[in-house]
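Everything below concerns the one structure shown next.
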Amino acid sequence: MAGLCEGGNEPPGSLKASKHEANRKFILKHGANMTEEQRERTFLSAADERLLLRQYELQLRDFCRRFNPPMPRSVTGTAFHYFKRFYLHNSVMDYHPKEILVTCVYLACKVEEFNISIQQFVANIKGDREKASDIILNNELLLMQQLNFHLTVHNPYRPICGLLIDIKTRCPLKDPERLQPGIDELLDRTFLTDACLLYAPSQIALAAILHAASKIQENLDSYVTETLFGRSATDILPNLIEAVRKIRSTVKSIETPPREMVRQLEKKLEKCRNQENNPDSQIYKQRMQDMLDEDDEHSIQTYARVAREQASQEERLLGITRVLSPSA
Amino acid sequence: MDEQACPRCKTTKYRNPSLKLMVNICGHALCESCVDLLFLKGSGSCPECNVPLRRSNFRVQLFEDSMVEKEVDIRKRILRDFNKKEEDFATLREYNDYLEDIESIIFNLTNNIDVIATNKKIDQYKRDNRELILKNKSKIGREEMELEELLEEEKQQEEIKKKELVKLELEEKKKKIREKEALIDELMFSNADAKNIMETFASNVQAAKEEAKAVPVIRATQFSTGIKFSHQRQQTFMPVPKIEEGPLYEYEAPKQPTDGPVPPTWQDLQEKGYVNYVEPERSEQRAGGYRANISCMRSLQEALAGLYHVSDRTELVS
């Protein structure tokens, strides 16, 4: 198992570092009086979390593919974005990915104007549908908050469309529609990496197009260097080439996490997850009940508080007049 | 209610029902007979505060409280000079401050607080605003003139109406008498049946009445007071508030940093043939203002924006 301090030497602000920070915070909070050894046995490490997230990203992809009615690709892209961004600053142990996953898709449906009701939505989920809709609706606001309410996502699909228009207009490539399968393949796979958090959507789109071109043994290099960039931006070209190369290489290096390991980690997660956010736990049910009761008690409490405040204010006022009176 | 009494001779309203209290600028009351007695020579001093007064300035006390009388006097005098209007101020706030100033001056003078300083203040104000005061005075004069003219016109109209009414009534009477006489003549000298004659006369009268009714009603062009509608409308302009004009607004086209190659212009879309590769809009889409070149432009802009983006965190988390 990877050590806890593995992410400690990452450059601050990098994706790894912030994920590691989320993991460390959770462990410090919930394992405050444990030894280093106990912690390692009880909690997931940052590397474990990453492995689990990879597994759930695969699930997210399959969920979106099987979704009925079929959803536009932009919904999938947006949901992936939300999922990745949510776990940049939150630990898997705090919020279970299987719950956040569906919430992300639900929110993405709304944001991308894919109109669907919650009943229709949970019809795609196996198991207790009522519970699922409760979980989704309870988590929706939390998710938005964790995304800092930046809900607009720029997916690479429109840039692909734009680049194809540009290629058709300015490049003598024969039948550019042949590129489409290669493009789709790469784009689908980029969502299993963190590329969409690191590169501009247009850069990902360009990488996809170049990847597709190389697959059908066409060369678009001259189009990129001459037509797209022109002479004015030759100094920026190396940077773009590097970005495209990195996107393609990371996409190539995706591997599915070993099943046995995932099963072990899931078991461990069930034990160490934050019970306050587990809808099956007693604590969670209690908390929900408290919130319901609070509404009833609210008015009584408010009244008591107002009365108390008034009394203290009066006392203060009287105190002041008593101080003033000798001089008056 | 307190019994009104002259402070000098102690006569009360009860003892002398025709008691008339008079006041002068100092605000102290005297009864009419005391005024006659004390101000035989035309001028003298107030028996209570020794302020020199003129007899001609005495007037009947309208308010029971003589302080109110004094205040009314002072207010009249002050407002003659402090005659700025709301239009003379840039903001409502300034106007309100000015009104507040006036009130405090009047209050000070009425209650003899800081009289010297307040008078100085008034003099200062008069000196500072001489032109404006004159202008506003003439303006007020003009307004009053107009009002008087209106009143005069109204009076004339009323008189004409009255005369007409009298004339109409007279005619009516004469007519009735004439008809009666005709009827009697007819009855006396005609050979026809008396009943028939009565009926024809009755129907004649009826016809005449209906004719009088048929006279079209003249459309009202005036208020009942005689003021013309149009005239009124011209006068009800709202005062245009004064607005401090700053420097003129200059439009600057918004800059859109794209961090990428420059996208083609709207013109290029047509000329270079970009539009040929997007689905042309349908007529129902056109109704909503959609054109194919809009989506074409958007795709191209998004394709080019951010291509120059340099990620500081170049490593990918695997």
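Overall shape: oblate for chain B, with the ratio a/c of the largest to smallest alpha carbon gyration tensor axis at 1.5 or above and b/c at least equal to a/b. Tell me the angle of helix B:115-128 to the major Cα principal axis of chain B, expressed in degrees between 0 and 90 and rounded to the nearest ten. Computed tilt is about 60 degrees. Packing, taken as the mean count of other beta carbons within 10 Å per residue, orders the peptides B:173-182, A:238-247, B:12-21 from highest to lowest as A:238-247, B:12-21, B:173-182. When peptides A:183-196, A:75-88, A:19-32 are ranked by their average number of other Cβ atoms within 10 Å per residue, the highest-first order is A:75-88, A:183-196, A:19-32. Between the Cα long axis of helix A:157-170 and the first principal axis of chain A there is an angle of about 30°, rounded to the nearest 10. For a 24 Å ceiling on Cα separation, which of these pairs sit above it: A:K19/A:K98; B:K175/B:K209; A:K25/A:K110; B:K10/B:K76? Going by Cα-Cα distance, A:K25/A:K110; B:K10/B:K76 fall outside the 24 Å limit. Cross-link partners among lysines for B:K255, C-alpha distance below 28 Å, same-chain residues fewer than 8 apart left out? Partners within reach: B:K272. What whole number of Å gives the distance from the Cα centroid of the range A:34-73 to the Cα centroid of the range A:103-142? Between the Cα centre of the range A:103-142 and that of the range A:34-73, the gap is 19 Å.
Which distance in Å, rounded to a whole number, links the C-alpha centroids of the range B:256-299 and the range A:146-201? Each part's Cα centre sits 18 Å from the other's.
Against chain A, whose longest principal axis is taken from its Cα atoms, helix A:129-146 shows a tilt of about 90°.
For peptide A:199-207, the mean count of partner chain Cβ atoms within 10 Å of a residue's Cβ comes to 5. Name all residues of the range B:68-95 having a backbone nitrogen under 16 Å from the label point set 7 Å from the Cα of B:S56 along its Cα→Cβ direction, giving them as ranges. Once the point is set 7 Å along Cα→Cβ of B:S56, nothing inside the range B:68-95 turns out to lie under 16 Å by backbone N. The B-A contact accounts for approximately 2800 Å² of buried accessible area, totalled over both chains at a 1.4 Å probe radius. Of interest is the spacing of the C-alpha centroids, which for the range B:239-253 and the range B:106-129 amounts to 38 Å. Here's the list of aspartates and glutamates a cross-link from A:K268 could span, going by alpha-carbon distance under 12 Å and ignoring same-chain residues fewer than 8 apart: A:E40, A:D48, A:E49. Peptide B:269-278 has a mean of 3 when you count, residue by residue, the C-beta atoms of other protein chains within 10 Å of its C-beta. With point charges of +1 on the Cβ of Lys and Arg and -1 on the Cβ of Asp and Glu, referenced to the Cα centre of chain B, which listed residue (B:P52, B:T118, B:A287) lies farthest in the positive direction of the dipole? Positive-end residue among those listed: B:P52. Protection proxy ranking of B:99-109, B:116-126, by the mean of other Cβ atoms within 10 Å over each peptide's residues and highest first, is B:99-109, B:116-126.
The values are calculated or read from the model by the stated rules, or taken from the named source; none is laboratory data. This one's a predicted model, so the numbers in the text were calculated from it and none came from an experiment. With ideal geometry, Cβ positions are generated from the backbone for all residues, glycine too; neighbour counts draw on all protein chains shown. With ligands, DNA and RNA removed, areas are computed over all heavy atoms of the protein, side chains included. Shrake-Rupley method; radii C 1.70, N 1.55, O 1.52, S 1.80 Å.
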